[in-house]
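Chemist: After the structure tokens below, expect a handful of questions from me.
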Amino acid sequence: MTNNQSPPSLLARLRALTPMRGLDLPTAIGIADRQAAVLLRTAGITSGPVPIDVLQQVPSVRLGVTDDLPTSGISYWTGREWRLDARTGEAKVRQRFTLAHEFKHVIDHPGRDLLYADHHAREQVADHFAAALLMPKNLLWQAWCSGTQDIAQLAELFTVSTEAMTRRLLFLG
């Protein structure tokens, strides 16, 4: 007897890491870390900067930029694909972070109202996911231990803002 079922999609695998119940913030952050690590491992990312195109390796995800957004970014289902858009006028480093942030909303979409206590927690976890994806802990430590310890240099190396790098370094201790 043969099994004709195809393996779950990458998006399904990322979603499966989240239990469908309310999450406290430390648990949600731990899950976001694991999701980012799975995405990086699946894409074969071993050095920085992490290309934002890694998100397009997920079937039915398309990235774009749009002029008239009321916020830095938006994610929505078109009926055929997930569309992640960043605001055109934003700096490239901000667009990268925004698209990664929006992808976390796509991952969480099926249980978004169940998972988080409020909108602030949902946004905080999406920011954490973006940071974990674009500034992976192991690659950041590798750069740090190799002598790159200036925040501006690290930000340039990982193609993120100095603000994002500062927050990531503070979080990692």
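Chemist: Measuring with a 1.4 Å probe in the full set of protein chains, what accessible area per residue, in whole Å², belongs to the chain? Mind showing how you got there, number by number?
Modeler: Working: 9390 Å² over 173 residues.
For the chain, the per-residue accessible area is 54 Å².
Chemist: Please state the shape class of region 80-173: rounded when a/c is under 1.5, otherwise prolate if a/b exceeds b/c and oblate if not, all from the C-alpha gyration tensor. List each step's numbers first, then the result.
Modeler: Details: a/c = 2.40, a/b = 1.64, b/c = 1.46.
In terms of gyration-tensor shape, prolate.
Chemist: For the chain, take the convex hull of the Cα atoms, compute a quarter of its surface area, and give me that in nm², please. Can you show the working numbers first?
Modeler: Numbers: hull surface 46.8 nm².
Spelled out: convex hull of the Cα atoms, projected over all directions, averaged, 11.7 nm².
Chemist: Right, here's the next one. Please compute the contact order of region 70-173 in relative form: average sequence separation of alpha-carbon pairs under 8 Å and at least six residues apart, divided by the residue count, as a percent. If you can, show how the numbers build up before the last one.
Modeler: Working: 91 pairs, mean separation 22.9, N = 104.
In percent, rounded to a whole number, it is 22.
Chemist: What residue among Ala32, Ala117, Ala155 shows peak mean-square fluctuation when the chain is described by a Gaussian network model with Cα springs under 10 Å?
Modeler: Ala117
Chemist: State, as an integer percentage, the relative contact order of region 33-86 based on alpha-carbon contacts under 8 Å between residues 6 or more apart. Display every interim value, and only then the final one.
Modeler: Numbers: 46 pairs, mean separation 15.2, N = 54.
Relative contact order comes out at 28 percent.
Chemist: Spin-label point model (7 Å from Cα, Cβ direction): what's the Ala91 to Thr78 distance in nm?
Modeler: Output for this residue pair reads 3.0 nm.
Chemist: Would you calculate a helix-derived [θ] at 222 nm for the chain, using -39,500 (n - 2.57) for each DSSP H run of n ≥ 4 and dividing by the full residue count, to the nearest 500?
Modeler: On the way: 8 runs with 91 residues, N = 173.
The helix contribution divided over the chain gives -16000 deg cm²/dmol.
Chemist: For the pair Gln153 and Thr42, how long in nm is the line joining their label points, each one 7 Å along Cα→Cβ?
Modeler: Result for the modelled spin labels: 3.5 nm.
Chemist: Could you give the length gained on full extension between Leu17 and Trp141, defined as 0.36 nm per residue of separation minus the Cα-Cα distance, in nm? Spell out each step's value before the answer.
Modeler: Values: separation 124, 0.36 × 124 = 44.64 nm, distance 2.50 nm.
Length difference between fully extended and current span is 42.1 nm.
Chemist: If you don't mind, another one. Using a Förster distance of 30 Å, how high is the FRET efficiency between Leu172 and His120, based on the Cβ-Cβ distance and rounded to 0.05?
Modeler: Numbers: r = 22 Å, r/R0 = 0.73.
Calculated value: 0.85.
Chemist: Subtracting the Cα-Cα distance from 0.36 nm times the residue separation, let me have the gained length for Arg112 to Leu10 in nm, one decimal.
Modeler: On the way: separation 102, 0.36 × 102 = 36.72 nm, distance 1.85 nm.
My answer for the length gained is 34.9 nm.
Chemist: Further question: Calculate how steeply helix 119-134 sits against the longest principal axis of the alpha-carbon atoms of the chain, using the helix alpha-carbon long axis, and give the answer as 0 to 90 degrees to the nearest 10.
Modeler: 70 degrees
Chemist: Moving on to the next point. Per the 1.4 Å probe, what fraction of the accessible area of region 55-126, in percent, lies on carbon and sulfur atoms? Let's see the in-between values first.
Modeler: Working: 1870 of 3730 Å².
Carbon with sulfur: 50 percent of the solvent-accessible area.
Chemist: Mind checking which of Val160, Ala86, Val54 is farthest towards the positive end of the chain's charge dipole, using Cβ charges of +1 (Lys, Arg) and -1 (Asp, Glu) about the Cα centre?
Modeler: Val54
The values are calculated or read from the model by the stated rules, or taken from the named source; none is laboratory data. As the structure is a prediction and not an experimental result, all values here were calculated from the model. Here the Cβ is made from the backbone with ideal geometry for all residues, glycine too, and neighbour counts use every protein chain on show. Ligands, DNA and RNA are stripped out before the accessible areas are found, and what is left, the full protein with its side chains, is counted by its heavy atoms. Shrake-Rupley method; radii C 1.70, N 1.55, O 1.52, S 1.80 Å.
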